[in-house]
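K.L.:
If you scroll down you'll find the structure; I have some questions about it.
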Amino acid sequence: MIMKSQPGTEQSVSSASWTKRLSSLWTTENIKVVRRVIVSVIGATVLLFGIALLVLPGPAFIVIPLGLAILASEYAWARRWLKKVRQMASNVVSGRKDMPPGDTRA
């Protein structure tokens, strides 16, 4: 069954109306939501990959902070975790441990 259009009923899509509809779709709020979703998906994927590297061969201690840094661009909880991870890493690099006050062991 082939349907033919009636003469005079064809509707042409002008480029002005097409771009107007597209620009109304991409409002500032929509762009923020899309950005947050993309950052969340990429950051969570990198973070989960880093957690998997704890038991698999690979640089987990590089990938986990990278995933947290990606997530920290959007979430406050990730910023707090990243700050803790950075503090722990600096303690490990400097050779310090969390010693109780008054403990004089080197």
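K.L.:
Before we move on, is V34 surrounded by 10 or more Cβ atoms within 10 Å (Cβ to Cβ), modelled with pLDDT under 95, out of contact with any Asp or Glu (no Cβ under 9 Å at 6 or more places or on another chain) and in a helix (DSSP H, G or I)?
P.N.:
Here the answer is yes, as V34 does meet what is asked.
K.L.:
If the Cβ limit is 6 Å and pairs must be 6+ apart or interchain, which residue in the stretch 54-81 that is free of Cβ contacts under 8 Å to residues at least 60 places away in the same chain and under 13 Å from I42 (Cα atoms) pairs with which residue that is surrounded by 19 or more Cβ atoms within 10 Å (Cβ to Cβ) and among the charged types (D, E, K, R)?
P.N.:
From the stretch 54-81, no pairs qualify.
K.L.:
Can you find a residue that is among the aliphatic types (A, V, I, L, M), closer than 20 Å to V85 by Cα, within 13 Å of the chain's Cα centre (by Cα) and modelled with pLDDT of 75 or more anywhere in the stretch 47-63?
P.N.:
Yes, the stretch 47-63 contains a residue that is among the aliphatic types (A, V, I, L, M), closer than 20 Å to V85 by Cα, within 13 Å of the chain's Cα centre (by Cα) and modelled with pLDDT of 75 or more.
The values are calculated or read from the model by the stated rules, or taken from the named source; none is laboratory data. The shown structure was predicted, so the numbers you read here are calculated from the model rather than taken from an experiment. Every residue, glycine as well, gets a Cβ built from its backbone with ideal geometry; the counts of neighbours run over all protein chains shown.
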